Amino acid sequence: MITVWTYDWVPNGPRGHVRDIRLRWALEEAGLDYVVKSVPFDGRGPDHIARQPFGQIPFIDDGEVTLFESGACLLYIARKSEVLMPRDGKGEADVTQWLIAALNSVEMVSVPWWFIDKPGQGDNPLGGWLRSRFERLDAALGDRDWFAQSGFSVADIMMADTLRVPLKRGALDTYPKLIAYVERALARPAFKKAYDDQLAHFAAGDRARAS
Ligand SMILES: N[C@@H](CCC(=O)N[C@@H](CS)C(=O)NCC(=O)O)C(=O)O
């Protein structure tokens, strides 16, 4: 059984967006059994660093396998279920390229963009770069529901999660197809379950801290 590791607690701001949600979502979609365990948010011990060298989360254990980086974990989980990635080499390659595109062409722009974004306080210097990515993403999606040719896949879990903050901050407002795409992904019961479970996990962390 896969163990997903996350923090025992985080401040309110990131709740619902902490990257263990990607892994929970994939495991729910695939119907695979898993448990969630915690490392302390305050103080990153040597056990944590040994499994995630940057002292971040998420990471997973599965028997002898320990893996960090949400993208690597998603691809690992996807190989366990046809629901998340087709079994043929061509289909697998297509899903892989879109998952890496989400991380390395979209998130690598969107994270620094939201990090320096001050809503209502003038132009974000990374706004043009982000918009150029969304232009191309919108065109690439075309009239399809999902990015990979095979249909919904683990690449959509990564892409839709990456687009959640830009959606919330209005950066997708001129891309109705991308808005519909993210909303379609987030309407899936597996996302809802992953989201609710993450909020419940950190609420339990609040209670543990209060006692
Ligand atoms: N590239 C990593 C990023 C992981 C990451 O940013 N994790 C955040 C939580 S969502 C974290 O641990 N932040 C605390 C820190 O960086 O110290 C991945 O995709 O797994």
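Values for this structure:
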read-out	value
From the options Ile60, Ile21, residue that is in contact with a Cys (Cβ under 7 Å, 6 or more places away or on another chain) and within 12 Å of the ligand (Cβ to nearest atom)	Ile60
First in the stretch 168-184 and more than 23 Å from Pro112 (Cα to Cα) and assigned by TED's automatic domain parsing to the domain that holds Gly122, second anywhere and loosely packed, with under 13 Cβ neighbours inside 10 Å and among the aromatic types (Phe, Trp, Tyr), Cβ under 8 Å, 6 or more apart	none
Unmet criterion (only one of (1) under 26 Å from Arg133 (Cα atoms); (2) basic (Lys, Arg); (3) within 11 Å of the ligand (Cβ to nearest atom)) for Lys90	(3)
Residue among Asp123, Asp156 that is among the acidic types (Asp, Glu), out of contact with any His (no Cβ under 8 Å at 6 or more places or on another chain) and in a loop (DSSP other than H, G, I, E, B)	Asp123
The stretch 24-50 - residue that is more than 12 Å from the ligand (Cβ to nearest atom) and charged (D, E, K, R) and, of those, nearest to the chain's Cα centre (by Cα)	Arg24
Test: residue in the stretch 180-187 that is on the phi < 0 side of the Ramachandran plot, at pLDDT 95 or above and more than 17 Å from the chain's Cα centre (by Cα)	yes
Residue in the stretch 144-151 that is within 18 Å of Pro176 (Cα to Cα) and hydroxyl-bearing (Ser, Thr, Tyr) present	no
Extreme residue, modelled with the lowest pLDDT, among residues of the stretch 113-135 that are surrounded by fewer than 17 Cβ atoms within 10 Å (Cβ to Cβ), farther than 18 Å from Ala101 by Cα and of a type in the set (D, E, K, R)	Lys118
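Residue-wise test of (1) in a helix (DSSP H, G or I); (2) surrounded by 13 or more Cβ atoms within 10 Å (Cβ to Cβ).
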{"residue": "Leu137", "(1), (2)": "yes, yes"}
{"residue": "Arg144", "(1), (2)": "no, no"}
{"residue": "Ala148", "(1), (2)": "no, yes"}
{"residue": "Ala160", "(1), (2)": "yes, yes"}
{"residue": "Asp173", "(1), (2)": "no, no"}
{"residue": "Arg184", "(1), (2)": "yes, yes"}
{"residue": "Phe191", "(1), (2)": "yes, yes"}
{"residue": "Gln198", "(1), (2)": "yes, yes"}
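The values are calculated or read from the model by the stated rules, or taken from the named source; none is laboratory data. If you're wondering where the values come from, they're calculated on a predicted model, not measured in any experiment. FYI the Cβ positions are ideal-geometry reconstructions off the backbone, even for glycines, and counts take in every protein chain you see.
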